[in-house]
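Remarks on the structure that follows.
The values are calculated or read from the model by the stated rules, or taken from the named source; none is laboratory data. All values reported here derive from a predicted model rather than from experimental measurement. When we count neighbours, we look across all protein chains shown, and the Cβ atoms used for this are built from the backbone with ideal geometry, even at glycine.
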Amino acid sequence: MNCRNILAVCLSLILIVFVTGCFLTDRRSTKIGVAMPTQTRQRWNQDGANIERKLLERGYSVELEFGNNEIDLQVSQIDKMIEDGCKVIIIGAVDANSLSEVLDKAKNNGIKIISYDRLIMNTDAIDYYATFDNLAVGTIQGEYIEDKLGLKVGRGPYNLEIIAGSLDDNNTIFFFEGAMEVLRPYIQSKQLVVQSRQVNLKQCAIPHWKEHIAKERMLNILNTYYIDKYLDVALCANDSVAIGVMGALEDKGYYDTDDEKVPIITGQDCDRKNMNMIINAEQTMSIFKDTRLLAEQVVKMVDAIVAGKEPETNDIGNYNNGVKFVPSFLVRPQFVDKDNYREVLIDSGYYNEAEFQNP
């Protein structure tokens, strides 16, 4: 290589270093707000930590807050992010219907808003939505029940009760409808019998996903409709309501029998506590939503916004927040049970085996 070529290579390297340095410097001056709903649930801690870590790795300044499940607190946190000059704010809402006013302020300040996993309703200030395929969450739960009970080959009847999520979370509608699209025909044919006759979403909803409310509702159902009958399936929307249901079943002696007689119990989020219950045959399955993948996608959205580009989305016509259809990116979930948890959760590095009890 002659001197002229060496000089050209050196100049190119210097230019690359200079441009990269300028880009990283620009990112360090770009503040991103992350508002998560609570630290009382394992998954929201993981979501917040994953997003913060990935943003910091890309060189952004990050302002992370948890709303403690208090609407007013989260509103004040978002307001501070606006005042602090955040360019983008990622929001997992405490209450999806209570942020219109503060988000109008964000929009007026030119701040882009990414609604995270819970669709924020009744405002045009939401620019993008990043979530899991929430209809698929319910569909997978329904298909799991369908398969385990042999409903396709005509087995039954089996007794089913439905424990849905919180009505202030828009995802609850998708979870419920996804499952019921699979199970409703079997209810109509009486292969599945809901002894309580509580089959619409409002009847089955558990406010704020509270364990104790789920337990109280299930105890009432068992004491009223199952005095001389046996519950075969509890369709639980997530792991927290599943814990409440399992508490009620334990109180009624369901876990005093062998494993074959324990009802099928669904869940969602693969929380550590619930995974141990799955390993010990108390809960049957949970839906795994790999928050690492969702965090990665959200950070890609931030990168595009900061660069003045349009973020990648894969759904533009299904998520209407009451004002507009919000461009969305959906990540596909999968089920986890006692048979595949090692492969899905441990081999992937999501959990360490030491975090689980021995089966």
With the checklist (1) over 18 Å from Q46 (Cβ atoms); (2) buried (at least 19 other Cβ atoms within 10 Å of the Cβ); (3) touching a helix residue (DSSP H, G or I) at 6+ places or on another chain (Cβ under 8 Å); (4) not hydrophobic (A, V, I, L, M, F, W, C) in hand, flag the one item K338 doesn't pass. (2)
Please identify the pairs in which a residue from the stretch 36-49 that is modelled with pLDDT of 90 or more and of a type in the set (S, T, Y) has its Cβ atom under 6 Å from the Cβ atom of a residue that is assigned to a helix (DSSP H, G or I) and surrounded by 15 or more Cβ atoms within 10 Å (Cβ to Cβ), counting only partners at least 6 apart or on another chain. T38/W44
Only one of V336, V344, V326 that is closer than 13 Å to N276 by Cβ and either small (G, A, S) or modelled with pLDDT of 95 or more (or both): V336
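Residue-wise test of (1) farther than 30 Å from I221 by Cα; (2) in a loop (DSSP other than H, G, I, E, B); (3) within 18 Å of the chain's Cα centre (by Cα).
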| site | (1), (2), (3) |
| --- | --- |
| A242 | no, no, yes |
| E250 | no, no, no |
| V299 | yes, no, yes |
| V302 | yes, no, no |
| E310 | yes, yes, no |
How many residues does the stretch 188-240 hold that are in contact with a helix residue (DSSP H, G or I) (Cβ under 7 Å, 6 or more places away or on another chain), assigned to a loop (DSSP other than H, G, I, E, B) and surrounded by fewer than 21 Cβ atoms within 10 Å (Cβ to Cβ)? 6
Residues of the stretch 255-276 being surrounded by fewer than 21 Cβ atoms within 10 Å (Cβ to Cβ) and in a helix (DSSP H, G or I), which ones? Y255, D256, D259, E260, K261, R272, K273, N276
Which one of the conditions (1) within 16 Å of Q46 (Cβ to Cβ); (2) out of contact with any Leu (no Cβ under 8 Å at 6 or more places or on another chain) does C270 fail to meet, given that it meets all the rest? (2)
Do we find a residue being under 20 Å from Y116 (Cα atoms) and not aromatic (F, W, Y) anywhere in the stretch 333-347? yes
Which condition from (1) surrounded by fewer than 19 Cβ atoms within 10 Å (Cβ to Cβ); (2) of a type in the set (K, R); (3) touching a residue at least 60 places away in the same chain (Cβ under 8 Å) is the one that R118 breaks? (1)
Can you find even one residue in the stretch 55-67 that is assigned to a helix (DSSP H, G or I), buried (at least 17 other Cβ atoms within 10 Å of the Cβ) and either at pLDDT 95 or above or among the polar types (S, T, N, Q) (or both)? yes
Test: residue in the stretch 209-226 that is touching a residue at least 24 places away in the same chain (Cβ under 8 Å), out of contact with any strand residue (DSSP E or B) (no Cβ under 9 Å at 6 or more places or on another chain) and among the aromatic types (F, W, Y): yes
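Per-residue answers, yes or no, for (1) in contact with a Phe, Trp or Tyr (Cβ under 9 Å, 6 or more places away or on another chain); (2) at pLDDT 95 or above; (3) surrounded by 15 or more Cβ atoms within 10 Å (Cβ to Cβ):
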{"site": "C86", "(1), (2), (3)": "no, yes, yes"}
{"site": "I91", "(1), (2), (3)": "yes, yes, yes"}
{"site": "N109", "(1), (2), (3)": "no, yes, no"}
{"site": "L151", "(1), (2), (3)": "yes, yes, yes"}
